[in-house]
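Let me begin by presenting the structure, written as structure tokens, before commenting on it.
The values are calculated or read from the model by the stated rules, or taken from the named source; none is laboratory data. Keep in mind that this is a model prediction, so the values were computed, not measured. Virtual Cβ from ideal backbone geometry, glycine too; neighbours counted across all protein chains shown.
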Amino acid sequence: MSDDYQRIEIITGTERRRRWTAGEKLRIVEETLEAGERVSAVARRHGVAPNLLYRWRRLMTEGRAVAVQADDGVTGNGEVREVERQLGRKTLEVEILKEAIAKSRAKKPTLLARSRPTDGSR
């Protein structure tokens, strides 16, 4: 018999989606960039769908591409990497905030709908 075991995660409650902070997302994405790591293995370890992890990576990569295009005052390779990492993090945070705003707008009733009388009188 092998020493391998299977991990099963049971999620209870009414909420279906897990919430990840920007820091958690960045840490998980950076794990996939380490030598010898596979995205699917990292995703399994953290309980994230691989396609979602690829999306996070794409967002981070897009942020890095913008940093490289703006090559004005950046000189050293280490400096470029740090700028890329920070920009990738900010790009991911902006995406998270956009999603949060869209969700909050969908949940709030409009002011006009609340101010209308319900008995038909004006």
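At pLDDT below 85, within 18 Å of residue 92 (Cβ to Cβ), touching a Lys or Arg at 6+ places or on another chain (Cβ under 8 Å) and surrounded by 14 or more Cβ atoms within 10 Å (Cβ to Cβ) - does that describe any residue in the range 17-25?
Yes: one or more hits.
Can you tell me which condition residue 51 does not meet? The list is (1) exposed (fewer than 14 other Cβ atoms within 10 Å of the Cβ); (2) modelled with pLDDT of 85 or more; (3) assigned to a loop (DSSP other than H, G, I, E, B), and all the others hold.
Unmet for residue 51, out of (1) exposed (fewer than 14 other Cβ atoms within 10 Å of the Cβ); (2) modelled with pLDDT of 85 or more; (3) assigned to a loop (DSSP other than H, G, I, E, B): (3).
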